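This report refers to the structure that appears directly beneath it.
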Amino acid sequence: MQDFDRNVAAERRREERRKRARRKNLIILVETFIIFVLTIALILVSIGYFDLKNNTVPSDDTTSDVSGTASSDSTQSGSSDVANSSDAASSGPTDEQLAMMAEVDKWYLKLVNPDKSVSKDFISSVERSTIREKYTSGAESSKYLDKRIIEPFEQMCKAAADDGVTLISVSAYRSYNYQNTLYKNRVERCKREEGLDDEAAKKKAATIVAVPGTSEHHLGLAVDINSVETSFENTAAFRWLQKHAADYGFIMRYAEDKQAITKIIYEPWHYRYVGVEHAKAMGELGMCMEEYIDYLKSGGVKK
Ligand SMILES: [Zn+2]
């Protein structure tokens, strides 16, 4: 009977030990699970899955992959949205970048080039004013500019005159038909002087005289000064403009080292109004207008 009691007592102790072992196992299991959940949460936060700033979780609408790849998608959007931002936590362009992007749509930065034309209607709708006669060659095509840039142009001419330098417009606003005449004449000249066929002549002419609709002169924001010969670069007027044009909001639009981008020959005589701030910025950055527009659009990223 004593043996029996001992056996029962031993059995109870074993049972207790088994129970304790089961509880211990359960606790370990729960602890492991909690650690696992916390680890996953920590990883998601660190890769930016939760947009803590806006308290939102990104939606999958822009992703082509099935769900479950949110981590890679969110890291992509997190880094590509903010171009050149020093604020790594920001999820979009800064106010400064937005302001830069908005400038692109302003009238004084309207881009016209061989790839970007303006319509006949737009050209005829430009509100023009007449340049004071002493600052023009007297030819009809030298007299008109967009009314908003008459003042800066005349101020520039006056400042140059004060320095003993004469600046006059020899070509300013051009209608579509006038540009068409210039272009056609140039095509004929290329055929005559260089023996080119029609297609080759048109191609060549387009690098010298803009195809109708693609000339900056249509905007009334561009003006040819004093002459349309490359030798203009050897004049005091050219040197004066190199120094001071930006102070009045003008840039030399077709630089020698930017021909591959502008697709227009070097024109030391052709000046374009872009506003003082942008003219100076382009000079400092060493960018032509095409490069500068891209730069603004990207919120200030230099390529
Ligand atoms: Zn011109």
Once you order the gyration tensor axes a ≥ b ≥ c over the Cα atoms, which shape class does region 253-303 get: rounded for a/c under 1.5, otherwise prolate or oblate by comparing a/b with b/c?
oblate
Could you list the residues of region 202-241 with an amide nitrogen less than 15 Å from a label point located 7 Å from the Cα of residue 128 in the Cα-to-C-beta direction?
213, 215-224
Rough spin-label spacing in nm, given labels placed 7 Å along Cα→Cβ, for residue 22 and residue 284:
7.8
The simple spin-label model distance between residue 96 and residue 301, using points 7 Å out along Cα→Cβ, in nm, is 1.7
Taking the mean number of other Cβ atoms within 10 Å as a proxy for protection, how do you rank 126-138, 262-274 from highest to lowest?
262-274, 126-138
For the residue 120, residue 189 Cβ pair and Förster radius 25 Å, calculated FRET efficiency rounded to 0.05 is 0.50
Quick one: which of 238-246, 222-230, 167-175 comes out on top by average Cβ neighbours within 10 Å, and what's the full order, highest first?
167-175, 222-230, 238-246
Cα centroid distance between region 105-147 and region 186-264, in Å?
15
Once fully extended, how much extra length lies between residue 111 and residue 10, figured as 0.36 nm per residue of separation less the alpha-carbon to alpha-carbon distance?
26.8 nm
Kindly provide log₁₀ I(q)/I(0) values, in the same order as q = 0.25, 0.26 Å⁻¹, from the Debye equation applied to equal alpha-carbon scatterers of region 226-267.
-0.95, -1.00
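Bear in mind that the values in this text are calculations on the coordinates, not laboratory data. The model shown is predicted, which means the values in this text are computed figures rather than measured ones. Note that each Cβ is placed from the backbone with ideal geometry, even for glycine, and that neighbours are counted across all protein chains shown.
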